[in-house]
There are 2 protein chains.
Amino acid sequence: MARILYKEKVLSKNEELAAEVRERLATRGVFALNLISGPGAGKTSLVERTAAWAWGRVRTAALSGDQATENDAVRIRSAGIPALQITTGSECHLNAGRILDLLDAPELAGIRLLLIENVGNLICPAAYDLGEAAKVAVLSVAEGDDKPLKYPALFQRAELMVINKLDLLELTNFQLDQAIANARKVAPHLEVLCLSCRTGQGLEAWYQWIDDRLDRS
Amino acid sequence: MARILYKEKVLSKNEELAAEVRERLATRGVFALNLISGPGAGKTSLVERTAAWAWGRVRTAALSGDQATENDAVRIRSAGIPALQITTGSECHLNAGRILDLLDAPELAGIRLLLIENVGNLICPAAYDLGEAAKVAVLSVAEGDDKPLKYPALFQRAELMVINKLDLLELTNFQLDQAIANARKVAPHLEVLCLSCRTGQGLEAWYQWIDDRLDRS
């Protein structure tokens, strides 16, 4: 019981900070996506691809969460956009306070698109609003098509599920239609895009999805 | 600060319960492994393979953790050993109390080997002792060779790292020697086995590792 009350208190404080982030992003005209997946599903690769697409088109920056190392921010900077690493230590997710702390960083000045790459964890990050416009769940073909059923919370809170690593489809027993059916069973509203960051297959539809959302925001 | 104190309290209660689990397992001569990985790295497949090997050799049962569904326990039962599902709801890891509650289940009577498949999460389960003899970290080739650096806690607490999905090696940029070097950088003591649950490659060494540990326990 103490545990539930404590968690509610933490989440309620987070909601307050997330509202502040959301308001400040809106004032500046920044559209923010919160990318969430298990470790190694391809969030960083998706940010790298998006950085290359965004270059000269939409001013973009990234915030990248991990328990340790600056590796992801370094990778993303090489792809041509400013990126800041958030190392969380023992924490298994980003929270709105960490985002708020960075909103005035010079790397984020004048941007229109903010890509937030959460800590690699299919579970805990789903509960923490970061003030984003939308959560994007990234699922890798290598992980199995049953994951939306086993870890429903993320898929219920995301607007879009990106199924990545399509290039591995033939080497796994992942059934694309089954994965989509499983996701829609727990989250009927969910939009779905299938792609491969490695080969580039399906990325145009992802860029189009961002473009449409930018137009509407 | 309140957060740190609260977490310490939860972990300290868990340590007490884990000690009780460990004592009861020792009394009964049960050797327990706590398998931890991100979602879809292949814990269930490893348990299925191990079940087939154990049949007629070592009396074995499994406990399988997920946020929702009985899918994994059903899969494992089909492989020929008793399996109980632990659905954790919003919780992102198993804890010793959940194991303690099941120790007297008829499915666990007379077993020598207990395979505990934790919730698919590379982060949170590492902090919770379940009373196991050893933690085994499972890393999939599809996840990337940098994961031990980014999420060091699990690798530091595990005795063994199993690198699974060797059959996907050529289709990824995963460097086997780099993954092992990264893991040993944060956890110099770590034993390593490389295998593919899909093709069967490398599984003999895993069975041998269990056999050796059973002999010594």
Q | Average other protein chain Cβ within 10 Å of Cβ, residues B:113-124 | A | 4
Q. Leaving out same-chain residues fewer than 8 places away, which aspartates and glutamates sit with a Cα under 15 Å from that of A:Lys185?
A. A:Asp145, A:Asp146, A:Glu159, A:Asp177
(Q) I want the local charge near B:Asn182. Using Cβ-Cβ distances under 10 Å, sum +1 for each Lys or Arg and -1 for each Asp or Glu among the other residues. (A) +1
Q. Rg and Dmax of the protein assembly as shown over Cα atoms: what are they, in angstrom?
A. 21.5, 67
Q) So how much slack lies between A:Gln208 and A:Glu23, counting 0.36 nm per residue of separation and subtracting their Cα-Cα distance, in nm? A) 64.1 nm
**Q.** Computed [θ] at 222 nm, deg cm²/dmol, chain A (DSSP H ≥ 4; -39,500 (n - 2.57); rounded to nearest 500)
**A.** -12500 deg cm²/dmol
Q) Taking the axis that carries chain A onto chain B, what is the nearest Cβ in chain A, and at how many Å, to the whole number? A) A:Ala142, 2
(Q) Suppose the Debye formula is applied to equal point scatterers at every Cα of the range A:1-133; what is log10 I(q)/I(0) at q = 0.11, 0.13 Å⁻¹? (A) -0.37, -0.51
**Q.** Per-copy distances of the B:Thr27 label point, shortest first, in nm (7 angstrom along Cα→Cβ)
**A.** 6.3
Q. How far is B:Val192 from itself in the other copies, in nm, if each label sits 7 Å out from Cα along the Cα-Cβ line, shortest first?
A. 3.7
Q) Highest GNM mean-square fluctuation, chain B, Cα pairs closer than 10 Å: which of B:Pro106, B:Pro152, B:Pro39? A) B:Pro106
Q.
Skipping prolines and chain starts, which residues have an amide H placed within reach, meaning under 5 Å, of the one on B:Ser140, given they are 5 or more residues away or on another chain?
A. B:Asn164
Q: Name the long-range amide H neighbours of B:Ile86: under 5 Å, sequence gap of 5 or more, or other chain; modelled H, no Pro or chain starts.
A: B:Ser64, B:Gly65, B:Asp66
Q) From the backbone phi of the range A:120-131, what are the Karplus-calculated ³J(HN,Hα) couplings (6.51 cos²θ - 1.76 cosθ + 1.60, θ = phi - 60°) in whole Hz, Gly and Pro given as x? A) x, 6, 7, 10, 4, x, 4, 7, 10, 5, 9, x
(Q) If I model a spin label at B:Val192 and B:Asp177 as a point 7 Å from the Cα along the Cα→Cβ vector, what separation in nanometres do I get? (A) 1.0
**Q.** Average beta carbon contacts from partner chains per residue of A:63-70, 10 Å cutoff
**A.** 3
Q | In Hz, Karplus ³J(HN,Hα) per residue of the range A:81-88 (6.51, -1.76, 1.60; θ = phi - 60°; x = Gly, Pro) | A | 10, x, 9, 10, 8, 10, 9, 9
Q: Please list, in chain and number order, the residues 5+ apart from B:Phe31 or on another chain whose amide H is under 5 Å from its amide H, with Hs placed from the backbone.
A: B:Leu113, B:Leu114
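Every read-out reported here was derived from the displayed coordinates using simple, explicitly stated rules and does not represent laboratory data. These numbers come from a predicted model, not from an experiment. Note that we place each Cβ from the backbone using ideal geometry, even for glycine, and neighbour counts take in every protein chain shown.
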